[in-house]
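Report on the structure given below.
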Number of protein chains: 2
Amino acid sequence: MRDDTREQLLAAAKQQFAEKGFYGTSIAQVAGELSLTKQALLYHFKRKEDLYAEVLRRISDRLLRYVEGAEGRSDEPAQQLEDIFLGLYAASRESPMDTRLLVRELLDNQSRAEKARDWYLLPFLAEIVEVLRRVPGFEEVELPTAFCMVYQLIGSIEYFAISDATLGKMYDSDVYERIRDDFPRELRSQVRRLLASRPPAI
Amino acid sequence: MRDDTREQLLAAAKQQFAEKGFYGTSIAQVAGELSLTKQALLYHFKRKEDLYAEVLRRISDRLLRYVEGAEGRSDEPAQQLEDIFLGLYAASRESPMDTRLLVRELLDNQSRAEKARDWYLLPFLAEIVEVLRRVPGFEEVELPTAFCMVYQLIGSIEYFAISDATLGKMYDSDVYERIRDDFPRELRSQVRRLLASRPPAI
DNA sequence: GAGTATACTTACCGATCGGTAAGAATCAAT
DNA sequence: ATTGATTCTTACCGATCGGTAAGTATACTC
């Protein structure tokens, strides 16, 4: 059962890292979740950093594969974009811990290590920007501008995702349910307004 | 010079909390920045939590005062909204540490303390939502929907703000400068597209 | 059935954490 | 000159941190 324990450790670590961050997470606690000692964990992952890196790598892999999959679902770049963003929202709701972790990494990576790890979202982002620039009317949009358009949408999604718990506590549950229902609809509107802002020259 | 040391401690603490989070920050290190021992810090702030709370309180105060100020600069709600969001972006560029800290709090507050502190952004958010609902054509928009509209814009701004350091490392400085220049322009476009989506019934 | 990885455990390390207690330096008011 | 805050210091506490070293139980191989 070599991989079994490893997988469980990774799952527990993801939860902890997402909830309390790299510094706030102790490997002893992670191992404790499986009723193991921290040395058992250190057997599978030599250092805390290694564990963290592996957790992160898996998430970013999954994200990239996801976007590539969304691209295949339609031929129209405009439709692809809508799929990507809506799907991204769905994914963030499905596994909110992933989003929390990625945002934490965005905040931490500069201070925790100077090793300037290549950023998990870079290929992911570049891919989406390219899709946008295939939309009729957007072919000539310059790269920094296209980047901003995409990044604003990503920001909307990720920020809402990490706000979930807090918003849930702040508003009555019925109000918050309405908010959660409205969000994807408003997100779709935002995407469509953007795409409609440059009418394709036919 | 009672307040002097206190202020300096708060400034140093803000920096550290923003960079490394609550857990990653040690009070000894904060005090060390002023060449003091941690007990000097503990004299001014009985507990680490108190220091953190005070830092947070000041930032959220400043934010709320800022929005109220932006409202006064115009009579047109549509113009007020644009001022608020563009100003929010400017503020996040001016003191990026504040934004980082607030996002960290968004991620941490549920796990670090169950005491469900009243959320710093709530009055701030409510204020902006009300401004939106004063815009001609938006008076009848239901609250959850208006909330989503506002929150998407806030998310765009804050997420970009915390990405600053990472993006700066990922892209060549000239590319990134163009991105930074384009962002507020695209942000304004986003606001205007939103406001134009419900033409006022005249 | 002896040898050998595998997957753990106990024992221990130095460093650092937040926090308490008690004392010392500074300064103002009496 | 004495008292009494104010503002720090040194000394110390128990707990926990990530990590090393060495031993052990299990299970598979030859």
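Nothing in this text is a laboratory measurement; each read-out follows from the coordinates by a stated rule. What you are looking at is a predicted structure, and each value in this text was computed from that prediction instead of being measured. Every residue, glycine among them, receives a Cβ derived from its backbone with ideal geometry; neighbour counts consider all protein chains shown.
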Quiz item: Among all helices in chain B defined by DSSP H, which have a length of 18 Å or more along the axis from Cα atoms plus a Kyte-Doolittle mean of at least 0.5?
Solution: B:143-170
Exercise. Kindly identify region A:17-119 as rounded, prolate or oblate by the Cα gyration tensor criterion: order the square roots of the eigenvalues as a ≥ b ≥ c, call it rounded if a/c is under 1.5, otherwise compare a/b with b/c, prolate if a/b is larger, else oblate.
Key: prolate
Quiz prompt | Across A:LYS14/A:LYS169; A:LYS48/B:LYS48; A:LYS169/B:LYS20; A:LYS20/B:LYS46; A:LYS46/B:LYS46; A:LYS38/B:LYS48, pairs whose alpha-carbon gap is larger than 31 Å | solution = A:LYS46/B:LYS46
Exercise. Find every distance from the label point of A:GLU7 to the corresponding label point in the other copies (7 Å from Cα along Cα→Cβ) and write them in nm, one decimal, shortest first.
Key: 5.9
Quiz item: Hey, for B:GLY137 with labels 7 Å out along Cα-Cβ, what do the inter-copy distances come to in nm, ordered shortest first?
Solution: 1.6
Quiz item: Dipole of chain A (Lys/Arg Cβ +1, Asp/Glu Cβ -1, origin at the Cα centre): which of A:LEU56, A:SER95, A:ILE179 lies farthest to the positive side?
Solution: A:LEU56
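Checking the a/c ratio against 1.5 first, then a/b against b/c, what shape does the Cα gyration tensor give for chain B?
prolate
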Practice problem: Find every distance from the label point of B:LYS38 to the corresponding label point in the other copies (7 Å from Cα along Cα→Cβ) and write them in nm, one decimal, shortest first. | Solution: 1.7
Quiz item: Can you tell which of A:SER156, B:LEU132, A:LEU42 lies farthest toward the positive end of the dipole of the protein assembly as shown, using +1 and -1 charges on the Cβ of basic and acidic side chains (Lys, Arg; Asp, Glu)?
Solution: A:LEU42
Practice problem: Summarise the partner chain shielding of B:13-23 as one whole number: the mean count of Cβ atoms from other chains within 10 Å of each residue's Cβ. | Solution: 3
Quiz item: Across region B:31-38, in residue order, what do the Karplus-derived ³J(HN,Hα) couplings come to in whole Hz, using 6.51 cos²θ - 1.76 cosθ + 1.60 with θ = phi - 60° and x for Gly and Pro?
Solution: 4, x, 4, 9, 6, 10, 7, 5
Self-check item: Charged-residue dipole, Cβ positions (Lys, Arg, Asp, Glu), the protein assembly as shown about Cα centre, Debye nearest 20
Solution: 1200
Self-check item: Part-to-part distance (alpha-carbon centres) for region B:8-39 and region B:153-199, which is given in Å
Solution: 31
Practice problem: Normalising by the residue count of chain B, find the relative contact order in percent from Cα pairs under 8 Å and 6+ residues apart. | Solution: 22
Exercise. Taking the Cα centre of region A:18-119 as origin, sum charge times position over the Cβ atoms of Lys and Arg (+1) and Asp and Glu (-1), and report the length of that vector in debye to the nearest 20.
Key: 720
Quiz prompt | region A:77-164 shape via C-alpha gyration tensor axes, a/c threshold 1.5 | solution = oblate
